[in-house]
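The structure appears right after this line, and notes come after that.
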Amino acid sequence: MSSKGNERIERLREAMIRPPEVCVERGELYTKSYQETEGEPAVIRRALAQEKVLKEMSVLIFDDELIVGRATSKRRGAPLIVEVNNKWYLDALADMSTREWDTFQQISEADAKRMAAFVPYWDDKSAFKKWISQIPQDMADKIGITYVPISAPADGQHRCHVSPGVDAVVARGLKAIKEDVAERRIRLDGEDVPDKAEKLVWLDAVTITLDALIAFAKRYSDLAADMAKQEKDPVRKAELEKISEVCARVPEYPAQNFHEAVQSMWFTYVALMLEGWGMGMSFGRIDQYLLPIYENDIKEGRITRDEARELLACLLINMNGLCNFFDTWNAKNAPGFPMISNLTVGGVTPHGRCAVNDLSYLVLDAEDLVRLTSEDIVIRVNRNTPDAFLLKACEVAKNLHGKFKFISDDTAIQMLLSDGKPPEYARDYVVVGCTFPTVMRHSLDLSGDTHNLPLILELALNNGRQRMTGNLIGLETGDPRQFKSYEEVWNAYTAQLEKVVSDIYPYHILARKAYADYCPSPFQSALMDGCVEKCVDVISGGSEYRTDPINGGGLVNVGDSLAAIKKAVFEDKSLTMSQLIDALDKNFEGEDEVLHILEQCPKFGNDDDYVDDIVNDVLIQFSDLAATQKPFAGAKPNSYLGYATMSLNMGEVTGALPDGHKAGLPLADGGLSPSQGKNVNGATASINSVAKLDHVKITAGSVFNMRFNPDALADSAKLRKFASLIRTYGESGGFL
């Protein structure tokens with residue numbers, strides 16, 4: 001249905017299409033709270049800061065809204081996460097409305113003065129400052145070259161790749177969770193443990209944050225009641241009275257109806273974000289945990305299907321009111337103000353049965369109304385997924401220009417089993433962040449630092465030096481002109497990668513520790529199974545399961561390059577290593593014949609086992625190296641292949657490569673997507689190349705982007721072919 005099918009949603013949607021604004025409230029209130037709590041334990045300071053924000057920030061209800069609650073004082077806003085990294089905030093004010101990437105509305109002079117007063121407080125107190133001060137200069141100089149520390153506080157975000165128990169809040173309410181905390185406190189009093197005092201303090205902090213959200217909801221209840229008294233329109237007056245009633249109950253108590261359930265979800269999400277703002281927070285499988293409430297409301301006549309769709313659409317629109325305020329470099333890494341807030345639908349139940357239901361379709365209908373960018377819809381697909389549902393998802397994806405993520409249940413479940421999750425958890429997986437499979441409430445599966453794999457290959461082909469600068473930043477693995485076999489090239493690349501990872505990983509651990517020491521998350525921890533029982537914060541290892549990956553970007557460029565070397569130099573002998581290295585040094589200037597030979601070598605994405613097997617070798621080697629690491633807080637090491645639009649920034653520092661890549665140009669996008677223009681044998685050949693890779697080795701997921709001409713999905717017959725392509729990919733072993 002067109003967005004014109006619901007005038008309220010159309011108005012709310014149009015109101016959200018605006019350049020975002022920076023909101024100073026959270027940063028200012030956080031700073032005031034920290035100034036008031038000097039000397040207190042870190043977790044108490046965090047809890048009291050969260051309390052101050054939720055009790056004192058602006059509360060706003062806009063016309064037409066049915067699901068209320070703002071994370072900032074703006075219709076579409078970004079807060080200041082000063083405790084993570086304040087480094088660029090004041091400098092960014094000069095060009096925030098004119099910069100090339102992700103422009104914001106210009107901040108007012110009054111707000112700029114407020115920022116100037118509180119932002120400097122964090123100059124020596126932010127998690128970033130605590131982290132970066134422990135890193136030697138030679139390692140700091142490699143940031144953005146051999147790796148991008150996206151798991152570190154450099155980007156000014158908390159690490160949000162998690163799906164906390166929003167479902168538990170809907171089903172049980174915060175009052176019941178508070179009772180769990182109180183009961184654990186009583187039991188702890190009777191235990192003889194050396195860190196009892198610390199655990200008691202942690203439980204107190206959790207309680208503070210739970211009470212703070214209850215108070216926040218009551219503020220909205222009071223605001224709606226006051227607005228209703230002033231409202232002249234009887235229809236809107238009744239809506240505001242209903243909003244007041246809903247906010248007086250949830251999230252403190254279990255949701256009694258669908259409206260309360262959606263409102264409870266939203267309040268919980270706002271509190272989670274205000275505590276730990278960042279990309280990748282997930283609402284989980286809303287078509288599963290909201291289904292009993294929805295079906296009961298429909299049965300009892302309390303709601304119609306259209307009214308339920310309208311409430312879901314209001315939720316999706318609200319998600320677009322949250323943005324990230326990055327510095328220019330990080331905005332280029334992840335442009336488009338992404339929050340990557342996922343809702344996962346479809347798939348199978350924990351017992352393995354088809355989980356598609358009417359609410360699964362309703363989420364698609366709501367998204368078709370909204371058609372904005374921040375809400376991420378993940379479609380779980382398996383051999384039992386109904387044709388009608390998959391076709392509906394494909395149709396809406398077409399309307400949204402390909403926005404949906406289609407995930408293969410068969411592969412994702414095997415990945416989670418490989419990481420040690422029990423079968424019933426693995427079948428119940430959700431997706432967080434770009435494509436990370438996780439289990440709602442039970443597992444913390446964060447992102448890791450992204451390694452520039454083509455640049456690391458460059459080091460192997462330039463005796464440890466970055467070609468564009470001449471700087472020695474890797475191992476001296478020998479003059480590549482003297483390499484006599486493909487195995488020597490492979491061994492040099494492997495040595496460089498192992499060196500880079502071993503050099504970087506200790507500082508990755510320090511980043512994790514900086515978050516744990518300075519930015520604990522007591523509210524999020526209350527919604528993660530295991531944390532309250534252990535009295536341990538989720539960041540410090542409190543959740544039942546934990547993984548911690550290293551990320552790789554540009555793996556396909558490496559595979560294509562190694563295939564070109566193997567074929568052109570050591571098999572066909574159409575080039576020597578000296579000719580190859582000379583051409584790379586010249587960025588192929590005047591080396592058209594060499595470039596032509598390299599470009600004619602097999603390229604990934606064409607269903608050619610020669611190069612596909614080499615790409616898989618690179619994948620397995622990366623995965624095996626990741627598995628040898630020792631992450632923070634006892635997490636299981638794993639790996640991920642994907643890097644958003646870091647292909648641009650990473651390409652800018654990478655020289656010419658044997659796959660024909662010229663210095664400074666973007667690398668292959670996604671994570672396992674064929675290099676631009678190299679997959680010339682059609683879509684089926686591309687999915688065959690990607691599907692034959694050993695995806696279960698990359699248990700944190702990967703990204704495979706495909707682009708189709710709109711004509712390829714123009715009618716129902718073509719749409720069915722597209723749906724069949726998705727099924728085939730998943731059943732052949734593909735992931736995303």
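The values are calculated or read from the model by the stated rules, or taken from the named source; none is laboratory data. It should be emphasised that the depicted structure is a prediction, and the values quoted were computed from it without experimental measurement. All Cβ positions, even for glycine, are placed from backbone atoms using ideal geometry, and neighbour counts span all protein chains on display. Heads up: the accessible areas ignore ligands, DNA and RNA and are worked out on the full protein's heavy atoms, side chains in. Shrake-Rupley method; radii C 1.70, N 1.55, O 1.52, S 1.80 Å.
Summing charges over neighbours of Tyr518, with a neighbour being any other residue whose Cβ is under 11 Å away from its Cβ, gives +4 when K and R count +1 and D and E count -1.
Using the Cβ-Cβ distance between Arg11 and Asn705 with R0 = 45 Å, the FRET efficiency computed as 1/(1 + (r/R0)^6) comes to roughly 0.85.
Have a look at Tyr30, Ala47, Pro19 and report the one farthest towards the positive end of the charge dipole of the range 1-53, computed about the Cα centre with Cβ charges (Lys/Arg +1, Asp/Glu -1). Result: Pro19, furthest along the dipole toward the positive end. What's the longest uninterrupted piece of the chain once you rule out the GluC sites (Glu not before Pro) that are loop residues per DSSP with at most 14 other Cβ within 10 Å? Longest gap between qualifying sites, sites excluded: 192-475. Farthest toward the positive end of the dipole of the range 525-610, out of Ile565, Val536, Leu584, is the Cα of Val536, where the dipole comes from beta carbon charges about the Cα centre. Entry note, the chain: the mean residue ellipticity at 222 nm calculated from DSSP H runs of n ≥ 4, each adding -39500 (n - 2.57), is -15000 deg cm²/dmol after division by the residues and rounding to the nearest 500.
Around the Cα centre of the range 396-467, unit charges on the Cβ atoms of Lys, Arg, Asp and Glu (plus for the first two, minus for the last two) sum to a dipole of about 340 debye. The magnitude of the dipole of the range 420-517, with charges of +1 and -1 set on the Cβ of Lys/Arg and Asp/Glu and taken from the Cα centre, is near 120 debye.
Can you tell me what the convex hull of the Cα atoms of the range 145-223 projects to on average, as an area in nm²?
Values: hull surface 35.9 nm².
Across all orientations, the range 145-223 yields a mean hull projection of 9.0 nm².
Kirkwood radius, the range 672-717, all distinct C-alpha pairs, inverse of mean reciprocal distance: 12.3 Å.
Debye-formula intensities of the range 161-320, expressed as log10 I(q)/I(0) at q = 0.11, 0.13 Å⁻¹, are -0.52, -0.70 (one equal scatterer per alpha-carbon, no solvent). Counting only protein heavy atoms and a 1.4 Å probe, the range 1-95 has 37 square angstrom of accessible area per residue. When the charge dipole of the chain is built from unit charges on Cβ atoms (+1 for Lys and Arg, -1 for Asp and Glu) and taken about the Cα centre, the candidate among Val68, Ala334, Ala238 whose Cα reaches farthest toward its positive end is Ala238.
Note on Ser485 and Ser58: the model spin-label points, each 7 Å out from Cα along the C-beta direction, lie 6.9 nm apart. Grab every C-alpha pair in the range 593-736, bin the distances at 5 angstrom width from 0 up to the longest one, and report whole percents. Pairs per bin, as whole percents: 2, 9, 15, 19, 20, 16, 10, 6, 3, 1, 0. Averaged over residues, the count of other Cβ atoms within 10 Å places the peptides 629-640, 68-79 in the sequence 68-79, 629-640, highest first. Taking Cα centre as origin and charging only the Cβ of basic (Lys, Arg, +1) and acidic (Asp, Glu, -1) residues, the dipole magnitude of the range 240-341 rounds to 260 debye.
Length gained on full extension, Arg302 to Asp624, computed as 0.36 nm times the residue gap minus the Cα-Cα distance: 110.5 nm. Projected label points at His401 and Lys232, each 7 Å from Cα along the beta carbon direction, are separated by 4.1 nanometres.
By the rule of a C-alpha distance below 16 Å, with chain neighbours fewer than 8 residues away ignored, the aspartates and glutamates paired with Lys130 are Glu83, Asp155, Asp517.
By DSSP, the beta bridges lying fully in the chain are antiparallel in about 20 percent of cases.
Tell me which DSSP H helices of the chain clear both cut-offs, 27 Å or more of axial length from alpha-carbon atoms and a mean Kyte-Doolittle hydropathy of at least 0.0. Correct list, ordered by number: 196-230. Please say if the range 95-240 is rounded, prolate or oblate, where rounded means a/c under 1.5 for a ≥ b ≥ c the square roots of the C-alpha gyration tensor eigenvalues, and otherwise the choice is prolate for a/b larger than b/c and oblate otherwise? Verdict is oblate for the range 95-240. Based on Cα contacts under 8 Å between residues 6+ apart, the chain shows a relative contact order of 15 percent. Of all aspartates and glutamates in the structure, the ones whose alpha carbon falls short of 18 Å from that of Lys718, not counting any fewer than 8 places away in one chain, are Asp387, Glu395. If you roll a 1.4 Å probe over the chain with all protein chains in place, what percent of the accessible area is carbon or sulfur? Its accessible area is 50 percent carbon and sulfur atoms. Per residue, the range 403-459 exposes an accessible area of 19 Å² to a 1.4 Å probe, with every protein chain left in place.
Binning the C-alpha pair distances of the chain at 10 Å intervals from 0 yields a P(r) profile of 3, 14, 24, 26, 19, 9, 3, 1, 0 %, listed from the shortest bin outward. Within a straight-line Cα-Cα reach of under 16 Å, Lys484 can be paired with the following lysines, leaving aside sequence neighbours fewer than 8 residues apart in one chain: Lys566, Lys567, Lys573. Derived from the Cα gyration tensor, the three semi-axes of the equivalent ellipsoid of the range 1-101 are 32, 20, 9 Å, largest first. Average accessible surface for the range 123-189: 37 Å² per residue, computed with a 1.4 Å probe over protein heavy atoms with every protein chain in place.
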